[in-house]
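Okay, structure first, notes after.
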Amino acid sequence: MHYYSLNQQAPAVDFRAAALYGQAPDKGLYFPQQLPQLRSTLVNNLRSLTREELAFEVLKQYTGTTIPHSTLQNICTAAIDFPIPLISLSEELKVLELFQGPTLSFKDLGARFMSRCLSYFAQSMDKKIVVLVATSGDTGSAVADGFLGKEGIEVVILYPSGKVSRLQELQLTTLGSNIRAIEVEGNFDDCQSLVKTAFSDQDYQSHIFLTSANSINIARWLPQQLFYFFALQQWNHTEAPVIVVPSGNFGNIGAGILAKKTGLGCKQFIAACNQNDVVYRYLQSGVYQTAPTVHTCSNAMDVGNPSNFVRINELYRHDINMLRRELSASSVNDEQTAQAMQECWNTFNYVLDPHTAVAYHSWKDYAIRNKEAKGIIVSTAHPLKFEEWVKAQLNIELVKPKALEQLENRKKSTIKLKPEYKNLKDYLMGVYSRE
Ligand SMILES: *Cc1c(COP(=O)(O)O)cnc(C)c1O
């Protein structure tokens, strides 16, 4: 299996190179050259396999010969080492809980898979790998946890000081070992531009292999399709489900659509968007127009120009009419989000985080017009990650999982930097020389 750049100006590469470099030299996203077609015996008998076997069967087609099968089996088993239950709210509606991983967001699975692939590839590298990420919250915590203790890899995470939640900050800054957190005295854009400058610094890269762990990396993107296989393993209606996915950068939903294109039986996808609704407007009008990011209560989806959407377009050969048959989208404001979470609590006694509440609203909207439909809403974060918001809406206390209680007692360790590249570079040189 090879991957080509969606900008068409760079050579195709194997899974190893695509995962190590993240982005093609022409700045395009990598995309599989052929879509594997799943054997019908596999798709029709999902339940005859364990989750681990299923994960391996699906992903081995994408890693090709770059990872030995026994290693890939171990990587899959470790990456999915937490429950992913499909919870029934009613006859028509189920919730796929993707938030039971160590940092309580769906990003755990992709980060856990990617870190293990890179650690395997690091064994045959002559330079040390440094993973550099800028985060506004969830990505950083999933990456920090996923890469903790991985041989041959140092991780440096930049986050805007005072602008991530307390829980996120604890998750980012208390791990130690090969994970370093830098508190940037600025905003998220400052963090991102520092990372960009580092990537264009050839001098630094003669010493180390610098890579990123953002959501466009295929080693994070591809394993997310497993969510949809695990959902269908637990689905007990004969009719295929409509799947509603809270969407920001469109990586998660794109992976679901990839699974459908390779043969998984999903009826349709709905991208649940907050007011950052460029894809919703595109499907309405046929015009793709990016917009400045709007701040909302579902902030992990505050994305004005979703980087993975181009992959979805590629899956439909850029034919908007074909796309419209299988993907719809909605645009949900903060007031509707709060109402949705209250309604779900009052009706089903089930607590939603704000991202999943956007999906709940989108489902209700769809179900009014499609009375026979059966659906799954994908829950991307644990409500505890947004405790303040949930408390303000419902006035209830949430029970903390054990892992979080332990986190409270750990000690934050960061260094503070002014957003100037010279400071970051001095720091990174220190990381490099600490063999
Ligand atoms: C990252 C994130 C999203 C958006 O996922 P994409 O793959 O970028 O569309 C949605 N919800 C939560 C809680 C997230 O952390």
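Please treat every number below as a calculation from the coordinates, not as lab data. Since the model is a prediction, treat every value here as computed from it, not as a measurement. Methodologically, a virtual Cβ is constructed for each residue, glycine included, from the backbone with ideal geometry; neighbour enumeration extends over all protein chains shown.
Bridge orientation summary for the chain: considering DSSP beta bridges with both residues in this region, about 20 percent are antiparallel.
In region 1-117, a dipole from Cβ-located charges (positive for Lys and Arg, negative for Asp and Glu) runs towards its positive end, and of 41, 10, 58 it is 10 whose Cα lies farthest in that direction.
Straight Cα distances below 20 angstrom link residue 422 to the lysines 196, with same-chain residues fewer than 8 positions distant left out. Whats the longest run of the chain with zero trypsin sites (Lys or Arg not before Pro) that are DSSP loop and have at most 16 other Cβ atoms within 10 Å? The longest such stretch corresponds to 164-266.
Relative to the Cα centre, the charge distribution of region 70-162, modelled as +1 at Lys and Arg Cβ and -1 at Asp and Glu Cβ, gives a dipole magnitude of about 340 debye. Dividing the mean sequence gap of close Cα pairs (under 8 Å, 6+ apart) by how many residues the chain holds gives a relative contact order of 18 percent. Computed extension length for residue 318-residue 281: 11.7 nm, one decimal, from 0.36 nm per residue of separation with the Cα-Cα distance subtracted.
Compute the FRET efficiency between residue 372 and residue 151 as 1/(1 + (r/R0)^6), taking r as their Cβ-Cβ distance and R0 = 60 Å, and round to the nearest 0.05.
Details: r = 52 Å, r/R0 = 0.87.
FRET efficiency, residue 372 to residue 151: 0.70.
The charge dipole of the chain, taken about its Cα centre with unit charges on the Cβ atoms of Lys, Arg (+1), Asp and Glu (-1) only, comes to about 600 debye.
Quick one: of 107/416; 150/364; 60/371; 60/127; 27/411, which pairs are farther than 31 Å apart, Cα to Cα? Write out the running numbers ahead of the final one.
On the way: 107/416 26 Å; 150/364 43 Å; 60/371 39 Å; 60/127 27 Å; 27/411 38 Å.
From 107/416; 150/364; 60/371; 60/127; 27/411, over 31 Å: 150/364; 60/371; 27/411.
Approximating the spin labels as points 7 Å out from Cα along Cα→Cβ, the residue 193-to-residue 205 distance works out to 2.1 nm.
For region 180-307, the dipole from Cβ point charges (+1 on Lys and Arg, -1 on Asp and Glu) about the Cα centre works out to 660 debye, to the nearest 20.
Amide H to amide H distances under 5 Å link residue 181 with 157, 415, where only residues 5 or more positions off or on other chains count and H is placed in the peptide plane.
Can you figure out the FRET efficiency of residue 418 with residue 342, using R₀ = 60 Å and their beta-carbon distance, to the nearest 0.05? Efficiency, from the Cβ-Cβ distance: 0.90. From helices alone, the chain scores -12500 deg cm²/dmol at 222 nm; the rule is -39500 (n - 2.57) for each run of n ≥ 4 DSSP H residues, then divide by the residue total.
Computed on region 81-151, with alpha-carbon pairs under 8 angstrom and 6+ residues apart, the relative contact order is 31 percent. Whole angstrom only: what separates the Cα centroid of region 415-430 from the Cα centroid of region 14-75? For region 415-430 versus region 14-75, the Cα centre distance is 37 Å.
Taking a ≥ b ≥ c as the square roots of the Cα gyration tensor eigenvalues, with a/c under 1.5 meaning rounded and otherwise prolate when a/b beats b/c, else oblate, which class fits region 311-395? Verdict is prolate for region 311-395.
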